[in-house]
Number of protein chains: 2
Amino acid sequence: MRHANAQLQHDRRDVILSAAQRLFARMGFHQTTMQQICAAAGMSPGNLYRYFPSKEAIIAGIAERDRADVASQFASVENAPDFFATFAVLAHHHFVERTADEVGLCAEIMSESRRNPAIARIMNEFDKDVIARLKSMLRAAAERGEISRDIDFDAVVSMLMVIADGVWWRRAVEPNFDAKSVLPLFMDITRYMLLGGGAANSAGEKSK
Amino acid sequence: MRHANAQLQHDRRDVILSAAQRLFARMGFHQTTMQQICAAAGMSPGNLYRYFPSKEAIIAGIAERDRADVASQFASVENAPDFFATFAVLAHHHFVERTADEVGLCAEIMSESRRNPAIARIMNEFDKDVIARLKSMLRAAAERGEISRDIDFDAVVSMLMVIADGVWWRRAVEPNFDAKSVLPLFMDITRYMLLGGGAANSAGEKSK
DNA sequence: CCGGTAAGAGCGAACGTTCATTCTCTTTTA
DNA sequence: TAAAAGAGAATGAACGTTCGCTCTTACCGG
């Protein structure tokens, strides 16, 4: 008898995820209806539900897919020789080249993760992954003598994450925010933190 | 012959706003039902609708009220003599002392402002206000010679806003994020940007 | 190679629930 | 006593999900 076509299933899931992604980024999860997703994916509700058991599953699917995407971006520059040049490229990618839809979707995911444990879990793993990769980049650069060794890596990475979040939220909330114009100062601050030019290397001291 | 009691009206509106605020911060606007707000405010739907014409009006009311709150916080330290000490206090207030509910609510408002023009307008005015106050603080400090004059104030203020947003989002998304531990590095970076110790004073050059 | 067929793929109306809002009514008070 | 203040059931629209159905196609016995 006939058996399920795995390739087709994969393609359909992809079409649905992409359609939903665009809608979610623009209208938010709870403002997007299944009917809209169906229309955008060119599919009836009955059929769509053969690929995802619920709206939540679609949200989770998107979060997961995006996570893989960013992870691969990171992996591609993992152990480049020149830290600051590599970091600048990474920052430009992340701050400037990401589309408004990607930024918007991330905003929705973060927002949703505040009350959806499944999303929170995915986002948390994602964060942990990024933090680990950043730290490994810094450690490697320190080994090579590109940056100071006497630095509180945890504090610096934490601050980098904070700034990255901040830039994305500015972009998400203020559509004509010029992310490119903060890049020079961002790189400058990063250099300051990593070269230990000031008190940065003692900044991470835990209080108390 | 009986006439409306203005004091009572004001009180009732306040009770409703406070009840809604708590719920919104924890569950988000669209996950909070009018019934829940009614229950929390100790009031029937029929009566509540005498004070607010719609759910949206409650959201807008909260956004407006919070705006006034933060504005007054700023105003209270407007022209203190010691810039860095004042700024440290402000940062501590904003990063550490704000409750999880306040942070959560802000997250919801930012998220909502992405598609609700009325909220977007309020948030935008709020941002403009904060930016103006920060700039005026910096200008005053520069006059007094506390910070360098050769600085791109726009770029620095922009970065400060970015970091502030970032910290709040970390807090909103990661409940046990220790905002206090980033304060030293934050103040250090601020000092670096404002004292023009490095290339910071040229960082704001517009590219192209 | 060739129908026949059973399961896959797809459709869209209908269901049941949820929820913002309204309506009608009672209670309170200047 | 008339309007304000309040109550809570009712309404109607919106929306996620399901159900019963048709169409399509890979496989198998002949």
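The values are calculated or read from the model by the stated rules, or taken from the named source; none is laboratory data. Since the model is a prediction, treat every value here as computed from it, not as a measurement. Here the Cβ is made from the backbone with ideal geometry for all residues, glycine too, and neighbour counts use every protein chain on show. Accessible surface areas use protein heavy atoms only, side chains included; no ligands, DNA or RNA. Shrake-Rupley method; radii C 1.70, N 1.55, O 1.52, S 1.80 Å.
Identify, by number, the condition in (1) in contact with a helix residue (DSSP H, G or I) (Cβ under 7 Å, 6 or more places away or on another chain); (2) within 14 Å of DNA strand D (Cβ to nearest atom); (3) assigned to a helix (DSSP H, G or I); (4) within 21 Å of B:ALA118 (Cβ to Cβ) that B:ALA20 doesn't meet.
It fails just one condition, (2).
Taking the stated definitions as given, is B:MET43 under 20 Å from the mean Cα position of the chain (by Cα) and farther than 27 Å from B:LYS128 by Cα?
On the way: under 20 Å from the mean Cα position of the chain (by Cα): no; farther than 27 Å from B:LYS128 by Cα: yes.
Taking the combined requirement at face value, the residue does not satisfy it.
If the Cβ limit is 8 Å and pairs must be 6+ apart or interchain, which residue in segment A:31-47 that is free of Cβ contacts under 8 Å to residues at least 12 places away in the same chain pairs with which residue that is among the aliphatic types (A, V, I, L, M) and not in a loop (DSSP other than H, G, I, E, B)?
Matching pairs, first to second residue: A:CYS38/A:LEU48; A:PRO45/A:MET34.
Residues that are basic (Lys, Arg) and within 14 Å of another protein chain (Cβ to nearest Cβ), at least 1 per element: which helices (runs of 4 or more DSSP H) completely within segment B:25-131 meet that?
Working: elements: B:34-41, B:45-48, B:55-75, B:83-92, B:100-113.
Qualifying helices (runs of 4 or more DSSP H): B:55-75.
With the requirement that a residue be outside any helix (DSSP H, G or I) and either more than 11 Å from chain A (Cβ to nearest Cβ) or open to solvent by 30 Å² or more (accessible area, probe 1.4 Å) (or both), what does segment B:132-158 give you?
Across segment B:132-158, the qualifying residues are B:ARG144, B:GLY145, B:GLU146, B:ILE147, B:SER148, B:ARG149, B:ASP150, B:ASP152.
Can you tell me which residue within segment B:82-102, out of those that are among the β-branched types (Val, Ile, Thr) and out of contact with any Leu (no Cβ under 8 Å at 6 or more places or on another chain), is surrounded by the most Cβ atoms within 10 Å (Cβ to Cβ)? Don't jump to the end; show me each part of the working.
Of the residues in segment B:82-102, the ones among the β-branched types (Val, Ile, Thr) are B:86, B:89, B:96, B:99.
Among the residues that remain, those that are also out of contact with any Leu (no Cβ under 8 Å at 6 or more places or on another chain) are: B:86, B:89, B:99.
Values: B:THR86: 16, B:VAL89: 14, B:THR99: 9.
Within segment B:82-102, the match that is surrounded by the most Cβ atoms within 10 Å (Cβ to Cβ) is B:THR86.
If you scan segment A:168-192, which residues turn out to be among the aliphatic types (A, V, I, L, M) and either surrounded by 20 or more Cβ atoms within 10 Å (Cβ to Cβ) or free of Cβ contacts under 8 Å to residues at least 12 places away in the same chain (or both)?
Answer for segment A:168-192, where residues must be among the aliphatic types (A, V, I, L, M) and either surrounded by 20 or more Cβ atoms within 10 Å (Cβ to Cβ) or free of Cβ contacts under 8 Å to residues at least 12 places away in the same chain (or both): A:ALA172, A:VAL173, A:ALA179, A:VAL182, A:LEU185, A:ILE189.
Cβ-Cβ below 6 Å, separation at least six or inter-chain, first residue in segment B:136-151 and over 13 Å from B:ALA80 (Cβ atoms), second of a type in the set (S, T, N, Q) and surrounded by 15 or more Cβ atoms within 10 Å (Cβ to Cβ): which pairs?
B:ASP150/B:ASN201; B:ILE151/B:ASN201
Before we move on, is B:GLN35 polar (S, T, N, Q) and either closer than 18 Å to B:GLU64 by Cβ or within 8 Å of DNA strand D (Cβ to nearest atom) (or both)? Steps first, please.
Working: polar (S, T, N, Q): yes; either closer than 18 Å to B:GLU64 by Cβ or within 8 Å of DNA strand D (Cβ to nearest atom) (or both): no.
The answer is no for B:GLN35.
Being at pLDDT 95 or above and assigned to a loop (DSSP other than H, G, I, E, B): is that true of B:PHE186 here?
No: the conditions fail for B:PHE186.
Residues to consider are A:ARG12, A:ARG22, A:ARG26; find the one that is open to solvent by 60 Å² or more (accessible area, probe 1.4 Å), farther than 19 Å from A:ASP101 by Cα and not acidic (Asp, Glu).
Selected residue: A:ARG12, the only one of A:ARG12, A:ARG22, A:ARG26 that is open to solvent by 60 Å² or more (accessible area, probe 1.4 Å), farther than 19 Å from A:ASP101 by Cα and not acidic (Asp, Glu).
Out of everything in segment A:1-44 that is aliphatic (A, V, I, L, M) and in contact with a Lys or Arg (Cβ under 9 Å, 6 or more places away or on another chain), what residue ends up being nearest to DNA strand C (Cβ to nearest atom)?
By that ranking, first place goes to A:MET43.
List every residue pair whose Cβ atoms sit under 8 Å apart, with the two residues 6 or more apart in sequence or on different chains, where the first one lies in segment B:5-27 and is within 18 Å of B:ARG67 (Cα to Cα) and the second, anywhere, is assigned to a helix (DSSP H, G or I) and of a type in the set (Asp, Glu).
Between residues of segment B:5-27 that are within 18 Å of B:ARG67 (Cα to Cα) and residues that are assigned to a helix (DSSP H, G or I) and of a type in the set (Asp, Glu), the close pairs are B:GLN21/B:ASP101; B:ARG22/B:ASP101; B:PHE24/B:GLU108; B:ALA25/B:ASP101; B:ALA25/B:GLU102; B:ALA25/B:GLU108.
Given (1) exposed (fewer than 13 other Cβ atoms within 10 Å of the Cβ); (2) basic (Lys, Arg); (3) touching a Ser or Thr at 6+ places or on another chain (Cβ under 9 Å), identify the lone condition not met by B:ARG121.
B:ARG121 satisfies all of (1) exposed (fewer than 13 other Cβ atoms within 10 Å of the Cβ); (2) basic (Lys, Arg); (3) touching a Ser or Thr at 6+ places or on another chain (Cβ under 9 Å) except (1).
Condition first: within 8 Å of DNA strand D (Cβ to nearest atom) and either of a type in the set (D, E, K, R) or open to solvent by 60 Å² or more (accessible area, probe 1.4 Å) (or both). Now tell me which residues in segment A:45-59 satisfy that.
Scanning segment A:45-59 gives A:TYR49, A:PRO53, A:LYS55, A:GLU56.
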